[in-house]
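The values are calculated or read from the model by the stated rules, or taken from the named source; none is laboratory data. In this text, all values refer to a predicted model and were calculated from it rather than measured experimentally. All Cβ positions, glycine included, derive from the backbone under ideal geometry; neighbour counts span all protein chains shown.
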Ligand SMILES: Cc1ncc(C[n+]2csc(CCOP(=O)(O)OP(=O)(O)O)c2C)c(N)n1
């Protein structure tokens with residue numbers, strides 16, 4: 001066994017190139033076995049085993065900077081940099097992070113979770129090196145999916161201009177999470193597939209070299225001929241035209257070839273692109289057969305590839321997807337837009353039912369938002385289906401193009417709240433705060449999956465501007481689903497439990513916690529009113545005034561950043577109304593980044609528990625009442 005002797009990259013460098021192949025097989029086995037227990041990003045990592053080995057074998061991390069885009073394909077890097085023995089804790093509370101993490105290792109020089117940042121980071125590190133007189137390599141590994149992100153394209157533009165020494169390793173497996181889409185993806189496919197094209201490149205480059213370098217007009221003509229020839233036949237011409245030297249395409253599982261190509265690329269004193277072709281899921285047949293499903297996977301049985309999922313009521317995401325199909329049947333204006341998450345956003349069924357009304361725009365949250373604005377400006381009813389965390393990318397587009405213009409865009413904000421094992425880069429805890437400060441937009445969150453359906457109808461019927469419904473990454477409560485969908489009056493809350501000693505204004509998944517706390521308090525003789533604050537914006541002002549009139553303590557409870565969130569909104573309301581004496585306790589996610597773990601552990605960490613709520617209510621309710 002070779003792997004047991006590898007703790008650090010130096011150990012790897014002691015092996016012969018021939019030994020790397022069996023080592024790659026051991027690493028694949030290690031990944032398949034470990035992830036069958038922990039779950040994680042299996043397919044992306046199986047695809048980059050040789051590539052990561054080659055980089056660590058040839059170059060010198062951490063002096064040389066290895067920058068992983070997204071960071072979900074960094075497991076092999078983690079194995080080779082001293083973290084193999086902690087793999088049993090992957091994505092668990094206090095365990096190894098599923099992405100690159102600077103606090104974990106000096107070899108993790110860049111952190112991510114969101115895509116398409118690696119090239120900008122690499123550019124920053126290359127400039128920092130040059131200004132400080134360094135000589136290290138800067139190597140960014142980016143997938144063909146991540147390359148569709150606007151930031152990556154902005155960085156290519158800058159890197160090509162600056163001409164600093166920097167290596168971009170393009171890990172092209174034809175997949176984003178779902179099959180990659182777009183004109184750029186088609187271009188890469190053409191390079192990949194046309195063997196003739198590759199051969200022609202060699203022949204023509206040979207010919208071009210033979211054109212004699214003579215002075216004057218003839219030389220200029222010769223240069224132009226060279227250029228036009230090159231344009232016709234050189235793969236990667238797009239990168240070359242942007243100022244990169246292009247290498248490839250090279251088989252990313254052929255170690256000798258890969259190493260030779262990387263060595264050649266390393267000799268160039270400027271920006272290079274090494275175009276590496278890999279197979280996502282390589283070496284584990286279920287993952288090879290369906291790398292979309294195996295991109296990020298729950299624990300599974302190794303032999304059968306059967307995924308061990310807990311059964312339960314449908315996820316909110318599924319209810320969203322099913323309801324959208326129903327609504328789209330009646331209303332032809334509905335169009336669905338996803339930035340590269342068709343499956344994750346529950347839109348697979350919609351795409352089948354209405355292919356011409358479904359748009360996967362690639363990892364392009366900003367474009368997706370403004371594209372929706374354009375659709376809405378011409379009378380359609382676009383649904384921007386997006387994870388809360390990734391929507392952060394589109395903040396200005398939401399402010400400037402959608403809300404300012406007051407266009408009828410519907411936001412389906414998925415993964416709102418804690419997301420568990422993906423951790424701090426992926427929690428959906430900022431959208432309440434940043435959406436509620438934007439004029440014109442309505443923001444809702446349902447108490448259960450049935451209410452989500454009614455909110456979707458509410459959004460469809462609403463024609464006064466943008467409207468959002470947000471929902472968590474969990475199963476619904478298993479409530480019956482109404483057949484007939486009724487719009488909910490905008491800005492109205494719902495009293496779920498009466499009580500006159502205190503009131504809890506709870507949002508979405510916090511409602512069951514509030515109800516349980518109220519039940520516990522009732523046993524102590526304290527009656528807690530529980531209110532479903534289903535409109536985060538606008539709030540139910542009549543109900544807020546009523547609470548002030550009754551002068552009862554109010555607790556707000558939301559699974560979102562406490563700063564600027566829903567509770568802040570309640571405080572602002574009373575302040576703006578000149579009501580200063582209210583006892584209001586705001587509970588939300590405290591002001592730090594909450595790491596990976598299970599959602600339950602994350603709830604416990606920040607105090608979203610019945611016990612904490614009971615204590616907080618007790619502290620707010622006057623003693624006199626508590627005794628009564
Ligand atoms: C801004 C942003 N949007 C969406 C995602 C979700 N996401 C994670 S990985 C991924 C696909 C990346 O594809 P690629 O770069 O080709 O890497 P691969 O997994 O195929 O190796 C997507 C869409 C993300 N991480 N960040």
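Quick rundown of the values:
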item	result
Tally, over segment 55-82, of residues that are surrounded by 22 or more Cβ atoms within 10 Å (Cβ to Cβ) and away from the ligand (no atom under 16 Å from the Cβ)	6
Every residue from segment 123-159 that is touching a helix residue (DSSP H, G or I) at 6+ places or on another chain (Cβ under 8 Å) and under 14 Å from residue 242 (Cα atoms)	152, 153, 154, 155, 156, 158, 159
Residue satisfying all of: in segment 124-170; within 12 Å of the ligand (Cβ to nearest atom) and part of a loop (DSSP other than H, G, I, E, B); nearest to residue 248 (Cα to Cα) among these	144
Count of residues meeting criterion [in contact (Cβ under 8 Å) with a residue 60 or more places away in the chain, within 16 Å of the ligand (Cβ to nearest atom) and in a strand (DSSP E or B)] in segment 309-348	0
Test: residue 99 is within 13 Å of the ligand (Cβ to nearest atom) and either at pLDDT 95 or above or buried (at least 18 other Cβ atoms within 10 Å of the Cβ) (or both)	yes
Any hit, segment 104-119, residues being assigned to a helix (DSSP H, G or I), out of contact with any strand residue (DSSP E or B) (no Cβ under 7 Å at 6 or more places or on another chain) and within 9 Å of the ligand (Cβ to nearest atom)	no
Any hit, segment 282-289, residues being under 25 Å from residue 338 (Cα atoms), part of a strand (DSSP E or B), within 27 Å of the chain's Cα centre (by Cα) and within 16 Å of the ligand (Cβ to nearest atom)	no
Unique match (being assigned to a helix (DSSP H, G or I), at pLDDT 95 or above, away from the ligand (no atom under 12 Å from the Cβ) and farther than 23 Å from residue 149 by Cβ) among 351, 376	376
Matching entry among 423, 417 (being buried (at least 21 other Cβ atoms within 10 Å of the Cβ), closer than 30 Å to residue 110 by Cα, in contact (Cβ under 8 Å) with a residue 24 or more places away in the chain and out of contact with any strand residue (DSSP E or B) (no Cβ under 9 Å at 6 or more places or on another chain))	423
Number of the exception - residue 212 against (1) assigned to a loop (DSSP other than H, G, I, E, B); (2) modelled with pLDDT under 90; (3) within 30 Å of residue 20 (Cβ to Cβ)	(3)
Lone qualifier among 295, 275 - being at pLDDT 95 or above, within 16 Å of the ligand (Cβ to nearest atom) and in contact with a helix residue (DSSP H, G or I) (Cβ under 6 Å, 6 or more places away or on another chain)	295
Qualifying residue in segment 30-51 (condition: at pLDDT 95 or above, surrounded by fewer than 24 Cβ atoms within 10 Å (Cβ to Cβ), more than 21 Å from residue 285 (Cβ to Cβ) and within 16 Å of the ligand (Cβ to nearest atom))	no
Test: residue in segment 467-477 that is over 16 Å from residue 510 (Cα atoms) and in a helix (DSSP H, G or I)	no
Meets criteria (modelled with pLDDT of 95 or more and not in a loop (DSSP other than H, G, I, E, B)) for residue 438	no
Residue identified as touching a strand residue (DSSP E or B) at 6+ places or on another chain (Cβ under 6 Å) and at pLDDT 95 or above among 80, 131, 156, 90	90
Test result for residue 386, touching a strand residue (DSSP E or B) at 6+ places or on another chain (Cβ under 7 Å), in a strand (DSSP E or B) and surrounded by fewer than 24 Cβ atoms within 10 Å (Cβ to Cβ)	no
Among residues of segment 1-60, those that are outside any loop (DSSP other than H, G, I, E, B), more than 26 Å from residue 421 (Cα to Cα) and without any contact (Cβ under 8 Å) to a residue 40 or more places away in the chain, counted	8
Which numbered condition residue 362 fails, given (1) farther than 18 Å from residue 471 by Cβ; (2) within 12 Å of the ligand (Cβ to nearest atom); (3) assigned to a helix (DSSP H, G or I)	(3)
Search result, residues across segment 12-29 that are touching a helix residue (DSSP H, G or I) at 6+ places or on another chain (Cβ under 8 Å) and loosely packed, with under 14 Cβ neighbours inside 10 Å	13, 17
Hey, residue 399 assigned to a strand (DSSP E or B) and in contact (Cβ under 8 Å) with a residue 12 or more places away in the chain or not	no
Residue match in segment 253-271 (condition: within 26 Å of the chain's Cα centre (by Cα) and within 18 Å of residue 191 (Cβ to Cβ))	no
Number of the condition not met by residue 421 [criteria: (1) under 21 Å from the mean Cα position of the chain (by Cα); (2) closer than 30 Å to residue 403 by Cα]	(2)
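The rows are residues; the columns are (1) in contact with a strand residue (DSSP E or B) (Cβ under 8 Å, 6 or more places away or on another chain); (2) under 18 Å from residue 417 (Cα atoms); (3) surrounded by 20 or more Cβ atoms within 10 Å (Cβ to Cβ).
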residue	(1), (2), (3)
547	yes, no, yes
556	yes, yes, yes
559	yes, yes, yes
577	no, no, no
588	yes, yes, yes
591	yes, yes, no
601	no, yes, no
604	no, yes, no
